[in-house]
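Notes follow once the structure below has been shown.
The values are calculated or read from the model by the stated rules, or taken from the named source; none is laboratory data. These numbers come from a predicted model, not from an experiment. Note that we place each Cβ from the backbone using ideal geometry, even for glycine, and neighbour counts take in every protein chain shown. When the accessible area is computed, the model is the full protein with side chains, heavy atoms only, and any ligands, DNA or RNA have been set aside. Shrake-Rupley method; radii C 1.70, N 1.55, O 1.52, S 1.80 Å.
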Amino acid sequence: MNSSPTPPSPGTVGIEVSDCITALGDAEGTVTRLLEGEVALKKSPVLGPDGGDEVPLALRGEFTHTERPRWWSDLTEFLTPLQGGQWGDAMHPVFFASSNYGIDGLYSLGRQREVRFAEFATPHGCVDALLAELGWGRHCFLLSHACVSGQLALDRAAHMVSSGMAAKALVVTFDYVGPFVAAGFHSLKILNEGFPAPYCDGETGSIGLGDGAAYCVISDEPSPFQIGRQNTFNEMFHFTANEPEGSGFQSILEPYRELAAKHRFWVKGHGTGTLEAGKLEATHIHSHFPSAPLVSWKGSLGHTLGSCAAVELAIAVEGIRQGRIPGTVGSKAPFFAENVSPESFDAADFDSALLLSNAFGGAHAAMLLHYA
């Protein structure tokens with residue numbers, strides 16, 4: 001079923017400002033280094049200080065059992081430009097999105113059995129601390145739906161602005177890798193000793209995990225970056241697997257087929273590096289939009305989990321500003337589809353970008369971003 005409300009018409013809301021931080025730096029630095037072909041992923045113990053198998057991680061700091069999570073100072077410094085002001089009042093809501101929130105705090109609480117870890121052991125505890133630190137009001141929303149969390153926040157924020165329920169909306173996402181999350185993916189054998197190669201038609205698949213955070217201000221003010229159609233779909237097929245024929249990918253892409261005749265767009269796919277989902281995604285995108293270049297940046301940055309949509313939106317916006325869209329770094333032919341682009345290309349050859357996210361349980365989300 002389609003779980004999204006009627007999407008805003010193209011041009012009704014735009015992106016006022018956006019940025020992200022990854023293991024390669026802020027959005028500007030990340031794009032510059034992606035264009036140079038840099039891979040941020042490095043082999044690290046899956047349990048951090050507790051050891052374990054070495055797996056590809058792209059981190060902004062080491063795993064630690066600290067009273068305040070390792071993301072705290074990094075994230076609050078990143079959000080300093082937005083500190084105070086109107087955020088969090090009724091007409092300027094804040095949408096938080098993460099697939100992890102306080103899971104590191106909960107993990108440390110469980111391991112250390114010390115109450116000092118409790119403040120950051122829940123999503124609302126993490127957000128309460130951030131609101132107090134940043135001086136924001138309490139008119140905010142917390143969203144968490146695995147790896148489409150960020151896209152759902154963007155969808156809700158755009159809907160509130162386009163419908164007049166908000167003057168502006170702020171989306172904040174953050175997901176930092178910790179031993180609990182890394183061990184979970186490792187137990188599924190998709191986080192292993194191999195480095196991810198998105199859309200590569202190889203013998204085995206694997207993912208990498210990466211730290212990431214992003215923010216995006218959405219308003220109805222004039223902007224060169226306009227949010228077009230957004231769409232969501234959930235297969236409700238299996239806890240971790242997609243429907244074998246790819247009906248979810250078909251359903252999320254179909255509404256954009258008619259728009260392909262009106263716009264020249266490239267596609268930022270989800271592209272984690274797993275074989276089944278990578279093949280389904282790449283082949284369905286090629287079937288719908290055979291001339292649209294398809295890229296994924298997770299072969300360098302790792303999968304930033306629930307934050308990936310907002311992180312990769314900020315990278316897309318910055319790539320457009322710089323005039324070059326990074327290619328699928330960390331992967332190589334043969335690919336599942338011939339429109340997978342391993343090399344960068346000129347943003348000016350297109351007027352739109354289709355940004356996709358997928359998640360466990362067959363959840364899919366999409367946004368069409370128009371740019372001048």
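Considering amide H positions built from the backbone, and no H for Pro or chain starts, which residues 5 or more places from Gly210, or on another chain, come under 5 Å of its amide H?
Placed amide hydrogens put Ala58, His303, Thr304, Leu305 under 5 Å from Gly210.
For the range 236-319, state what percent of all Cα-Cα pairs lands in each successive 10 Å bin, counting from 0 Å until the bin that includes the largest distance.
In order of increasing distance, the bins hold 15, 46, 35, 4 percent.
What residues qualify as long-range amide H neighbours of Cys147, i.e. H under 5 Å apart, gap of 5 or more or another chain, H built at 1.01 Å from N?
It is Phe360, by chain and number.
Given the pairs Lys262/Lys332; Lys42/Lys268; Lys189/Lys279; Lys168/Lys262, which span a C-alpha to C-alpha distance of over 26 angstrom in this model?
Working: Lys262/Lys332 31 Å; Lys42/Lys268 23 Å; Lys189/Lys279 18 Å; Lys168/Lys262 28 Å.
Too far apart for the 26 Å limit: Lys262/Lys332; Lys168/Lys262.
Put +1 on the Cβ of each Lys and Arg and -1 on the Cβ of each Asp and Glu in the chain; which of Leu368, Thr304, Ala90 then has its Cα farthest toward the positive end of the dipole?
The residue sitting farthest along the positive end of the dipole is Ala90.
Carbon and sulfur atoms: what percent of the 1.4 Å accessible area of the chain do they account for?
After summing per-atom areas, the C and S share lands at 53 percent.
Keeping every protein chain in place, order Met160, Met236, Met367 by accessible area at 1.4 Å, biggest value first, i.e. largest first. Could the numbers behind the result be given before it?
On the way: Met160 30, Met236 140, Met367 0 Å².
From most accessible down to least: Met236, Met160, Met367.
For Tyr107, tell me the accessible area in Å² from a 1.4 Å probe, rounded to the nearest 10.
Counting only protein heavy atoms, Tyr107 exposes about 40 Å² to solvent.
Using all C-alpha to C-alpha distances in the range 243-372, build P(r) with 5 Å bins and read off the rounded percent in each one.
Calculated over all Cα pairs of the range 243-372, the distribution is 2, 11, 24, 26, 23, 12, 3, 0 percent.
Quick one: work out the % antiparallel among DSSP beta bridges in the chain, nearest 5. If you can, show how the numbers build up before the last one.
Values: 42 of 61 bridges.
Counting only bridges with both partners in the chain, antiparallel ones make up about 70 percent.
Please work out which option in [x] 19.1; [y] 17.9; [z] 16.3 gives mean projected area of the Cα convex hull in nm² calculated from these coordinates, and answer with its label.
The value computed from this structure is option [z].
By Kyte-Doolittle mean hydropathy of at least 0.0 and Cα axial length of at least 18 Å, which whole DSSP H helices of the chain are selected? Don't skip to the end; give the middle numbers.
On the way: long enough: 149-162 (20 Å, 0.17); 275-288 (20 Å, -0.48); 308-322 (21 Å, 1.03).
Taking the DSSP H segments of the chain (at least 18 Å long, mean hydropathy at least 0.0), we get 149-162, 308-322.
Which whole-number value in Å² is the accessible area per residue of the chain, probe 1.4 Å?
38
Let's see if you can work this out: charge +1 on each Lys and Arg Cβ, -1 on each Asp and Glu Cβ, no other charges. What is the dipole magnitude of the range 264-362 about its Cα centre, in debye to the nearest 20?
The calculation lands at about 120 debye.
For the range 48-148, what does the convex hull of the Cα positions come to per residue, in cubic angstrom?
That works out to 116 Å³ per residue.
Let me check I've understood the local charge: for Ile190, count other residues with C-beta under 14 angstrom from its C-beta, Lys and Arg +1, Asp and Glu -1. What total comes out?
-1
Rounded to the nearest 20 debye, what is the charge dipole size of the range 314-372 about its Cα centre when +1 sits on each Lys and Arg Cβ and -1 on each Asp and Glu Cβ? Walk me through the numbers before you get to the answer.
Numbers: 3 positive and 6 negative charges, 39 e Å.
I would put it at about 180 debye.
Is there a quick way to get the dipole size of the chain? I mean about its Cα centre, with the Cβ of Lys and Arg at +1 and of Asp and Glu at -1; what is the value in debye to the nearest 20?
260
Looking at the chain as a GNM with Cα springs under 10 Å, which of His159, His186, His92 has the largest mean-square fluctuation?
Result: His186 has the largest fluctuation of those listed.
For the range 274-328, restrict the atom set to alpha-carbon positions and state the Rg and Dmax in Å.
12.3, 34
Just the ratio, please: alpha-carbon radius of gyration of the range 176-330 over 2.2 N^0.38 Å, N its number of residues.
Working: Rg = 16.2 Å, N = 155, 2.2 N^0.38 = 15.0 Å.
Dividing the Cα Rg of the range 176-330 by 2.2 N^0.38 Å gives 1.08.
Out of the range 57-89, which GluC sites (Glu not before Pro) are coil in DSSP terms and have no more than 16 other C-beta atoms within 10 Å? Don't jump to the answer; show the numbers that get you there.
On the way: sites: Glu62, Glu67, Glu77; in loops: Glu62, Glu67.
Of the GluC sites (Glu not before Pro), the ones in loops of the range 57-89 whose Cβ has at most 16 other Cβ atoms within 10 Å are Glu62, Glu67.
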